[in-house]
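A.B. asks: The structure follows.
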2 protein chains.
Amino acid sequence: MTLKELAKALGISPTTVSRALNGFPEVSEETRKKVQAAADAYGYRPNMRARSLATGRAMAIGHVIPVSSEHEMMNPVFSDFISGAGEIYAANGYDMLISIVPDAEQERAYKEFRTKGTVDGIIVHAPRAGDRRIHLLNQVGLPFIVHGRASDADESYSWVDMNNLRAFQRATDFLIDLGHRRIALINGLEDMDFAIRRRAGFEASLEHAGITPCPDMMFSREMTEQYGHDTTQTLLALPEPPTAILASSIIPGIGIRRALSEAGLVLGRDVSVIIHDDDLSYLPNGREEPQFTATRASVREAGKRAASMLIDRIESPSPEPRAEMIEAELILGASTGPAPNLSLKTSEIT
Amino acid sequence: MTLKELAKALGISPTTVSRALNGFPEVSEETRKKVQAAADAYGYRPNMRARSLATGRAMAIGHVIPVSSEHEMMNPVFSDFISGAGEIYAANGYDMLISIVPDAEQERAYKEFRTKGTVDGIIVHAPRAGDRRIHLLNQVGLPFIVHGRASDADESYSWVDMNNLRAFQRATDFLIDLGHRRIALINGLEDMDFAIRRRAGFEASLEHAGITPCPDMMFSREMTEQYGHDTTQTLLALPEPPTAILASSIIPGIGIRRALSEAGLVLGRDVSVIIHDDDLSYLPNGREEPQFTATRASVREAGKRAASMLIDRIESPSPEPRAEMIEAELILGASTGPAPNLSLKTSEIT
DNA sequence: CACGCGTTTCAAACCGGTTTGAGATTTTTG
DNA sequence: CAAAAATCTCAAACCGGTTTGAAACGCGTG
């Protein structure tokens, strides 16, 4: 059923049908009702291809997932982010287009997005330090929102980010307050912007407390369970092992827990652990009784915010970029406690 | 830059330009070269909206992710599946459209896909027992592939599935061969087709060995870490706790491991565990030294197969459906060993 | 009754490609 | 060398909507 057929069936012109269905004021209430009823009866749906060709709007938003040749791991955070974003898109009539683009072809991919006209805007995932994509997209002239930031990009752009620096600074402060002095950082890949900021927060807190960050206790790799496990083994073998560990995600956190229990150590007593919790739906840290003490910020919520912001920019374009910072909350779980030597003192007192 | 502008710049007709770029035989090699060079120089890309309006092909494939109101968890398997599928799409010039559709709106969503013309085919995720969607899509007449099967659908359709029954039967056989008699099953939600088949395989193996499946040792819930942990605690508190556990995914497997270590039990000695490993990129079970003994089948590979199959059906339609079964391999890890009483005997011998 | 005004409807152009059917040109053949 | 066949190119129609500019209509007013 096309619009023209519908018009013929009703005995009126396609113009009037189009206007009636799209709520234009110059059509009488009476005919609008008639047209709407007929459209419902025939189950008429406008063909999006034709409509978007005519209007110039694709009613779709693109997500570009960069995949580097060496680390072809899927970002574990991705599925929850798009589930949040997808909810907003659905509510506003947008489709979601996902492109998995090898690093080498990023440039081509973005330019094509523009000329192919398949999307009205783009969400940029996993920005790196000094990401070229932001420059590229500003040139291309397609509205976009970055999930995260690109540390040393001097151009302006819109973004939604979690306050990585602050979250890791607070977590480190908290461990220091508990008496910990030797604290290890199990971070993500440090060419990723978020990892750089997390490390900066960690170091800032240590330095503020007069502790010199020790390079032997800072790690930067793809965030797997194995990585958390093996790194913890390495740490425990040090002459002076750390009394606390800060981990960039719950996934290495699980590996840390495994290594500790293999070594016969008790999590939260012998070694304290704080993780960053993205509140992934398939790996919940626990609502009532969190397993790990954590800095928590829902990545699904970030998806929602980014999506709303992008739709906003598409529907009412404005030159000045917008930004939104999400603060993580510190959640107390069973994985932290006073530093071992202090706890000794406490037990002497009681 | 539109095709018409390009044609004008070259001084030839749009027809010829279109044919030259699309490799039609009725244009001379000489003009083709000239046109191609000019297109490259100007960076011309055909507008997909216009093209697909004219050709009737959207060059896009839709993935419908059902999200039920109660369990709004994102399927952890999803991101790896689409990463596999996305690779195939990119290689064949297709885009990937993702719709997150609440259970209640499935019907509307599929019908709209047809009339809106945004996709050429659909991949159906997470089929339930007797899923209505298959009937619906057969009616709608859009090519589709199901990832999994719908147990009691009497209609024919194309699918790609892992041999869930066989995998779980083999895993159970293996445990029985090791001397285990009391084996627990920590399964996914049993309105999902895959969980039904896994349970069937489990029960078939037990019955074949003359063991009556015990309902107290079979669980069916959303596959979280917490679920694995809590269920294991429950199992250990039984008067006769199981000596082996079969788990539907690595995620509850991690929870099982945690509960065992909390109880002071050694994985693979006191209690044996076999998981099903979807080979998720962000939760690898380990290639050289698998943590868990597992039935392994890459869900990314399933994504690739489903995508190729769908593109095939779109480009050369045929009435008879196709199907592809993926066999899981049994991987030996450190999480299994002889049943405790047997191992006692063995130690007496040595 | 002629006129002006606001309301409602419509034919035609347009979005940017593909495709048909015919015309122009070149090559082959009798 | 003329006729037939093969090769190349093009104008125009089409895909299914939206949008422009004009026409038709109803109504109150001078």
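The values are calculated or read from the model by the stated rules, or taken from the named source; none is laboratory data. Nothing here was measured: the structure is a model prediction, and the numbers come from that model. Methodologically, a virtual Cβ is constructed for each residue, glycine included, from the backbone with ideal geometry; neighbour enumeration extends over all protein chains shown. Areas reflect the complete protein model, heavy atoms only, side chains present, ligands, DNA and RNA absent. Shrake-Rupley method; radii C 1.70, N 1.55, O 1.52, S 1.80 Å.
A.B. asks: Can you tell me the length gained on complete extension of the stretch residue B:41 to residue B:135, counting 0.36 nm per residue apart and subtracting the Cα distance?
C.D. replies: Working: separation 94, 0.36 × 94 = 33.84 nm, distance 4.94 nm.
Length gained between residue B:41 and residue B:135: 28.9 nm.
A.B. asks: In nm, what does the list of distances from residue B:322 to its counterparts in the other copies look like, shortest first, when each label sits 7 Å along Cα to Cβ?
C.D. replies: 4.7
A.B. asks: Ok, one more. Which of rounded, prolate, oblate describes the stretch B:75-215, given a ≥ b ≥ c as roots of the alpha-carbon gyration tensor eigenvalues and a/c under 1.5 marking rounded, otherwise prolate only if a/b is larger than b/c? Don't skip to the answer; put the middle values down first.
C.D. replies: Details: a/c = 2.92, a/b = 2.10, b/c = 1.39.
Taking the square roots of the gyration eigenvalues as a ≥ b ≥ c, the stretch B:75-215 is prolate.
A.B. asks: Taking a probe of 1.4 Å, how large is the accessible area per residue of chain A, in Å²?
C.D. replies: On the way: 15250 Å² over 350 residues.
On a per-residue basis, 44 Å².
A.B. asks: On to the next question. Taking H placed 1.01 Å from N in the peptide plane, check which residues at least 5 places from residue B:220 or on another chain put their amide H under 5 Å from its amide H.
C.D. replies: B:187
A.B. asks: Is it possible to state the helix-based mean residue ellipticity at 222 nm for chain B, with each DSSP H run of 4+ residues giving -39500 (n - 2.57), the sum divided by total residues, to the nearest 500 deg cm²/dmol? What is it? Numbers along the way, then the final one.
C.D. replies: Values: 13 runs with 155 residues, N = 350.
That comes out to -13500 deg cm²/dmol.
A.B. asks: Please list B:79, A:316, A:69 in order of solvent-accessible area, largest first, computed with a 1.4 Å probe with all protein chains present. Don't skip to the answer; put the middle values down first.
C.D. replies: Values: B:79 0, A:316 70, A:69 105 Å².
Sorted descending by solvent-accessible area, the residues read A:69, A:316, B:79.
A.B. asks: Next question. Using amide H atoms built in the peptide plane, which far-off residues or other-chain residues are under 5 Å from residue B:331 H to H?
C.D. replies: B:294, B:295, B:296
A.B. asks: If you count, for every residue in B:78-85, the Cβ atoms of partner chains within 10 Å of its Cβ, what is the mean? It would help to have the intermediate numbers written out before the result.
C.D. replies: Working: counts 6, 10, 4, 1, 7, 9, 2, 2.
Mean inter-chain Cβ contacts per residue within 10 Å come to 5.
A.B. asks: Accessible area drop of at least 10 Å² (1.4 Å probe, protein heavy atoms): which residues of the stretch B:241-284 qualify, relative to the chain alone?
C.D. replies: B:251, B:254, B:257, B:258, B:261, B:281, B:282, B:283, B:284
A.B. asks: Which value, in square angstrom to the nearest 100, describes the accessible area buried between chains B and A on both sides, using a 1.4 angstrom probe?
C.D. replies: On the way: alone 17400 and 17400 Å², together 30520 Å².
Summing both sides, the interface buries roughly 4300 Å².
A.B. asks: For Cα pairs less than 8 Å apart in space and 6+ apart in sequence, what is the mean separation divided by the residue count of chain B, i.e. the relative contact order in percent?
C.D. replies: Details: 610 pairs, mean separation 59.2, N = 350.
It comes to 17 percent, rounded to a whole number.
A.B. asks: May I ask you to give the percent of accessible area on the stretch B:186-304 that is carbon plus sulfur, with a probe radius of 1.4 Å? The partial results should precede the final answer.
C.D. replies: Numbers: 2180 of 4220 Å².
Roughly 52 percent of what the probe reaches on the stretch B:186-304 is carbon or sulfur.
A.B. asks: Could you work out the Rg to Rh ratio of chain A, with Rh taken as the Kirkwood radius (inverse of the mean 1/r over all Cα pairs)? Write down the numbers at each step before the final one.
C.D. replies: Details: Rg = 26.0 Å, Rh = 23.0 Å.
Reported Rg/Rh (Cα atoms, Kirkwood Rh): 1.13.
A.B. asks: Averaged across A:225-237, how many Cβ atoms of other chains sit within 10 Å of each residue's Cβ atom? All intermediate terms of the calculation are to be shown ahead of the outcome.
C.D. replies: Details: counts 8, 7, 0, 0, 2, 0, 0, 0, 0, 0, 0, 0, 0.
Average per residue, whole number: 1.
A.B. asks: Rg (Å, one decimal) plus Dmax (Å, integer) for the alpha carbons of the stretch A:238-350?
C.D. replies: 19.3, 66
A.B. asks: If you average 1/r over every pair of different alpha-carbon atoms in the protein assembly as shown and take one over that average, what Kirkwood value in Å do you get?
C.D. replies: Details: mean 1/r = 0.0357 Å⁻¹.
In the protein assembly as shown this quantity evaluates to 28.0 Å.
A.B. asks: Right, here's the next one. Take peptide B:44-55, look around each residue's Cβ out to 10 angstrom, count Cβ atoms belonging to other protein chains, and average those counts. Before the final figure, lay out each step's value.
C.D. replies: Working: counts 1, 8, 3, 5, 11, 14, 5, 4, 6, 8, 2, 1.
That works out to 6 on average.
A.B. asks: Any idea what % of Cα-Cα pairs in the stretch A:3-46 are farther than 17 Å? Present the calculation step by step, with values, prior to reporting the outcome.
C.D. replies: Numbers: 141 of 946 pairs.
Within the stretch A:3-46, distances greater than 17 Å cover 15 percent of Cα pairs.
A.B. asks: Moving on. Which distance in Å, rounded to a whole number, links the C-alpha centroids of the stretch B:210-256 and the stretch A:80-123?
C.D. replies: The distance from the Cα centre of the stretch B:210-256 to that of the stretch A:80-123 comes to 41 Å.
A.B. asks: List the distances, in nm and shortest first, from the label point of residue A:236 to the matching label points in every other copy, placing each point 7 Å from Cα along the Cα-to-Cβ direction.
C.D. replies: 1.7
A.B. asks: Moving on. For residue A:136, which inter-copy label distances result when the label point lies 7 Å beyond Cα on the Cα-to-Cβ vector, reported in nm to one decimal and in ascending order?
C.D. replies: Distances to the matching label points in the other copies: 3.7 nm.
A.B. asks: Continuing with this model, one more query. How much of the accessible area of the stretch B:3-46, probe 1.4 Å, is carbon plus sulfur, in whole percent?
C.D. replies: Details: 1520 of 2880 Å².
Roughly 53 percent, rounded to a whole number.
A.B. asks: List the residues, sorted by chain then number, that are 5 or more residues from residue B:181 or on another chain and whose placed amide H is less than 5 Å from its amide H.
C.D. replies: Under 5 Å from the amide H of residue B:181: B:243.
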